[in-house]
Amino acid sequence: MTYYADLTPYAYDRDWAADATRLWQGAPVVNVGRLDRGRPYEQGVVPSELAAVLNRMRHTHRTRQTRGFHFCPLCPSPTSGSYASHPYGSAEIWVRGSDVAFAAPELIAHYVEAHAYLPPAAFVQAVLATA
Ligand SMILES: [Zn+2]
């Protein structure tokens with residue numbers, strides 16, 4: 001997966017992002033949670049229900065399903081025989097905030113649970129508002 005800093009304009013899907021006037025639910029789309037190995041990211045304490053809500057959103061807010069899948073870049077690399085249990089994702093979660101829409105990889109739930117990732121406050125607020 002390609003790394004993008006939090007709250008930068010969404011550009012992962014180049015076909016879609018090529019038109020800069022494209023909005024989602026009336027708002028510009030920004031990246032959240034596009035973490036990668038070797039890139040620093042915010043860590044901290046999140047509301048206790050955040051991971052559970054994000055895991056539910058993997059089903060309720062799932063979008064942009066890809067044909068392949070992506071292993072967690074922060075966990076030790078999978079070895080043969082461990083692929084089935086290695087965290088992975090193959091889609092995104094999109095949620096509308098007050099001023100922007102957030103596009104996150106579905107692995108964001110795992111990043112919060114297993115890697116102490118602290119998403120931007122506006123994203124956390126938008127996610128919890130869906131619960
Ligand atoms: Zn991981």
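Per residue, what volume in Å³ does the convex hull of the Cα atoms of segment 50-118 enclose?
About 98 Å³ per residue, rounded to a whole number.
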Order 47-56, 103-112, 33-42 from most to least packed using the mean count of other Cβ atoms within 10 Å. 103-112, 47-56, 33-42
Placing each pseudo-label 7 Å from Cα in the direction of the beta carbon, residue 43 and residue 128 end up separated by a distance in nanometres of 2.2
Selection from 87, 4, 48, by position along the positive dipole direction of the chain (Cβ): 87
When N is the residue count of segment 91-131, what does its C-alpha Rg come to as a fraction of 2.2 N^0.38 Å? 1.10
Label-point separation in nm, residue 55 to residue 114, each point 7 Å along Cα→Cβ: 1.3
Taking 7 Å along the Cα-to-C-beta vector as the label spot, tell me the residue 5-residue 65 distance in nanometres, rounded to one decimal. 3.5
Using a cut-off of 9 Å between beta-carbons, work out the net charge of the residues near residue 104 (Lys and Arg +1, Asp and Glu -1, residue 104 not included). -1
P(r) histogram, all alpha-carbon pairs of segment 14-129 included - 5 Å bins from 0, percent: 2, 11, 21, 23, 20, 14, 6, 2, 1, 0
Would you please give the residues with an amide H less than 5 Å from that of residue 101, counting only those at least 5 places away or on a separate chain, with H modeled from the backbone geometry? 29, 30
Tell me, what HN-Hα J-couplings in whole Hz come from the Karplus equation 6.51 cos²θ - 1.76 cosθ + 1.60 at θ = phi - 60° for each residue of segment 57-62, using x for Gly and Pro? 5, 4, 9, 7, 10, 5
Please list 65-72, 88-95, 123-130, 23-30 highest first by mean number of surrounding beta-carbon atoms within 10 Å per residue. 88-95, 123-130, 23-30, 65-72
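Readers should treat all values here as calculations from the given coordinates under stated rules, not as data from a laboratory. This one's a predicted model, so the numbers in the text were calculated from it and none came from an experiment. Ideal geometry is used to build each Cβ from the backbone, glycine not excepted, and the neighbour counts take in all protein chains shown.
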